[in-house]
Amino acid sequence: MKKLAIGAAAATAVTIALAATGYAQNTQAPGYMIANYTIKDDAGYQKYMEEAGPLAPKYGGKIIVFNLNATAVEGQPKKVIAIAEFPSLADAQRFYNSPEYTAARKFRVASTEGTVVITEGFVPPQP
């Protein structure tokens, strides 16, 4: 009986260790760049869109939300909401700080008023 209990405890410990290892290896939180702004200069903003539009995929990103007239349900957010998703926070930061996006960003900064946030996404704990 004692050997059976020890064997069961060892099997449980191995299962927990494997699950923990698998969780650490298979779950990486995505990174997000979230922009909320109002366009002040249409021509300048168009230049930003031309320059920045094709860049996210080069860094593993994709635009998952882009709305020029988002509806506020609380608070006083700006009209435009844009969210780009990247494989990781590091990828989102690499995109934002890349020479290509840095060059394009100057057009957005000059033609809009608002905020941009880079954040890590949520990965729920695995059972």
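What is region 28-120 by shape, rounded, prolate or oblate, if you read a ≥ b ≥ c off the alpha carbon gyration tensor as root eigenvalues and call it rounded for a/c under 1.5, prolate for a/b larger than b/c, and oblate otherwise? Oblate. For region 28-120, averaging the sequence separation of C-alpha pairs within contact (under 8 Å, six or more residues apart) and dividing by the residue count gives a relative contact order of 51 percent.
Taking θ as phi - 60° and the Karplus parameters 6.51, -1.76 and 1.60, the scalar couplings of region 107-121 work out to 6, 5, 4, 6, 10, 9, 9, x, 9, 9, 10, 10, 9, 7, x Hz in sequence order, x denoting glycine and proline. Pairs from the table (K40/K78; K40/K79; K79/K106; K47/K106) lying more than 18 angstrom apart at Cα are K79/K106.
Between T102 and L68, the modelled label-to-label distance comes to 3.0 nm, taking each label 7 Å out from Cα in the direction of the beta carbon. Overall, region 19-127 carries a charge dipole of about 120 debye about its Cα centre when +1 sits on the Cβ of Lys and Arg and -1 on the Cβ of Asp and Glu, all other atoms neutral. Shown here for region 32-127: GluC sites (Glu not before Pro) in loop regions (DSSP other than H, G, I, E, B) with at most 15 other Cβ atoms within 10 Å, namely E74.
Read-outs: derived from the displayed coordinates by stated rules, not from any lab. Please read all numbers here as calculations on a predicted model, not as lab measurements. Virtual Cβ from ideal backbone geometry, glycine too; neighbours counted across all protein chains shown.
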